[in-house]
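A.B. asks: Dropping the structure in here first, questions after.
Values in this text are rule-based calculations from the coordinates and carry no lab data. Bear in mind the structure is a predicted one, so any value in this text is a computation, not a measurement. A quick note on method: Cβ atoms are made from the backbone with ideal geometry, for glycine too, and the neighbour counts reach across all protein chains shown.
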């Protein structure tokens, strides 16, 4: 069955999509995909009835998916849910999601992304700190190597709750930022790659080429200056789909594959 | 043909790839794949039947992507044959897809390879058990309502 809606979470946050689908009383399956991870949310007459991602199901899966800031989404109408795992009403779910989104804004000041790594603060807290059992479990997993996401997976908690606890532990003076794996350690694409990409694409598409390239970079939620290598092939593929002539498209892909391997 | 399979195998997180005819018989494989010819044949037979099913349904697919917990199967329909890649679920699918495009396009332009693939051309249709052949489906679509 063909999808009737597709987009990227960096442009269309899940919460907004669900509000639209819910208010228009749609039924079907919303599929999300990012970095090899997948998620599904099922709606029946606008009500959220089932969701799954990784080992999470139901409400926890919806909240976890809402924390995704990037990824592709597609909506397949009329797909039936294989089961019902959500007991809250859609209004309650969306309200809670909205509340979490607001809290995320505060958490992001300390934990901007869940791929951040923290370590124990050598100076510690200046006052007495009491921890809840779950907070202690999170603290015990912090080793200067595991990211917030890794800790969430180990403890089988959702990203939001884990990030919230890390936020509390940082503000209590127990943790400090070690490194941001995503920004500081990831490999970025150099300017020579973009120059080649633009030159090859312009030869086929003409003066519109740079505009399309910038548009696709933005659709991936990135900038040319800080473009991660892990998304380079996806960028080339997305851009190549603009080339109507199949032979030209394949030749462009071949040239850029060589460039990717060489750079 | 082997060079093309090898190029696909070089994509990071690809375990192996092979080409099979429409009856699941393996035409070429890039070793080492820790699977026997029979196991590869079973995999290809299944995915080819999915391609046939979608074709019959009126929604033919050029590519199939089956994602499992610890592996992933990416299938490209080449008409007389299917190119099947066994890989890690986390592989860069764009990189793989583009490499498959480049390789299959090169095969299309290579007369020798085309001749070899044509020599393996067989129909995808398989003989179905009587129960499927003789079932009369109601036209109003209420098949499951007693």
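A.B. asks: Order by neighbour count: B:8, B:113, fewest other Cβ atoms within 10 Å first, most last.
C.D. replies: B:113, B:8
A.B. asks: Apply the a/c threshold of 1.5 to the C-alpha gyration tensor of chain A and tell me whether it is rounded, prolate or oblate.
C.D. replies: Verdict is oblate for chain A.
A.B. asks: Over the whole of A:242-254, what's the average partner chain Cβ count within 10 Å per residue? Rounded to a whole number, please.
C.D. replies: That works out to 3 on average.
A.B. asks: So, by mean Cβ neighbours within 10 angstrom, what's the order for B:87-99, A:218-230 with the highest one leading?
C.D. replies: B:87-99, A:218-230
A.B. asks: Oh, and also: At q = 0.12, 0.15, 0.17, 0.18 Å⁻¹, what log₁₀ I(q)/I(0) does a Debye calculation on the Cα points of region A:1-153 give, no solvent, two decimals?
C.D. replies: Values returned for q = 0.12, 0.15, 0.17, 0.18 Å⁻¹ are -0.58, -0.84, -1.01, -1.10.
A.B. asks: Any chance you could give the angle, 0 to 90 degrees and rounded to 10, that helix A:159-171 forms with the longest Cα principal axis of chain A?
C.D. replies: Taking the Cα atoms of chain A, the angle to A:159-171 is about 60 degrees.
A.B. asks: With a 10 Å Cβ neighbour count serving as the proxy for reagent exposure, in which order, fewest first, do B:76, B:106, A:249 appear?
C.D. replies: B:106, A:249, B:76
A.B. asks: So for the pair residue A:140, residue A:224, with labels modelled 7 Å out along Cα→Cβ, what separation do we get in nm?
C.D. replies: Between residue A:140 and residue A:224, the simple spin-label model gives 5.1 nm.
A.B. asks: I would also like to ask the following. Taking the Cβ of each residue in B:123, A:22 as the centre, tally the other Cβ atoms inside 10 Å and list the residues starting with the fewest.
C.D. replies: Result, fewest neighbours first: B:123, A:22.
A.B. asks: Over all residues in B:95-102, what is the mean tally of Cβ atoms on other chains that come within 10 Å of each residue's Cβ?
C.D. replies: What the average comes to for B:95-102 is 6.
A.B. asks: For the residue pair residue A:92 and residue A:24, what label-to-label distance in nm results when each label sits 7 Å from Cα along the Cα-to-beta-carbon direction?
C.D. replies: 2.7 nm
A.B. asks: Tell me what chain A gives for mean residue ellipticity at 222 nm when only DSSP H runs of n ≥ 4 count, each as -39,500 (n - 2.57), the sum divided by the residue total, rounded to 500 deg cm²/dmol.
C.D. replies: Calculated at 222 nm, the ellipticity per residue is -14000 deg cm²/dmol.
A.B. asks: Nearest 10 degrees is fine. How inclined is helix A:246-262 to the longest principal axis of chain A, computing both from alpha carbons?
C.D. replies: 60 degrees
A.B. asks: For peptide B:105-114, what's the mean number of Cβ atoms from other chains within 10 Å of each residue's Cβ? Spell out each step's value before the answer.
C.D. replies: Working: counts 7, 2, 0, 2, 1, 0, 0, 0, 0, 0.
For peptide B:105-114, the averaged partner shielding equals 1.
A.B. asks: A follow-up question, please. Sorted by mean Cβ packing within 10 Å, highest first, what order do the peptides A:250-259, B:37-46, A:156-165 take?
C.D. replies: A:156-165, A:250-259, B:37-46
A.B. asks: Taking the 0 to 90 degree range and rounding to the nearest ten, how far is the long axis of helix A:14-23 tilted relative to the main principal axis of chain A, both from C-alpha atoms?
C.D. replies: Roughly 90 degrees, rounded to the nearest 10.
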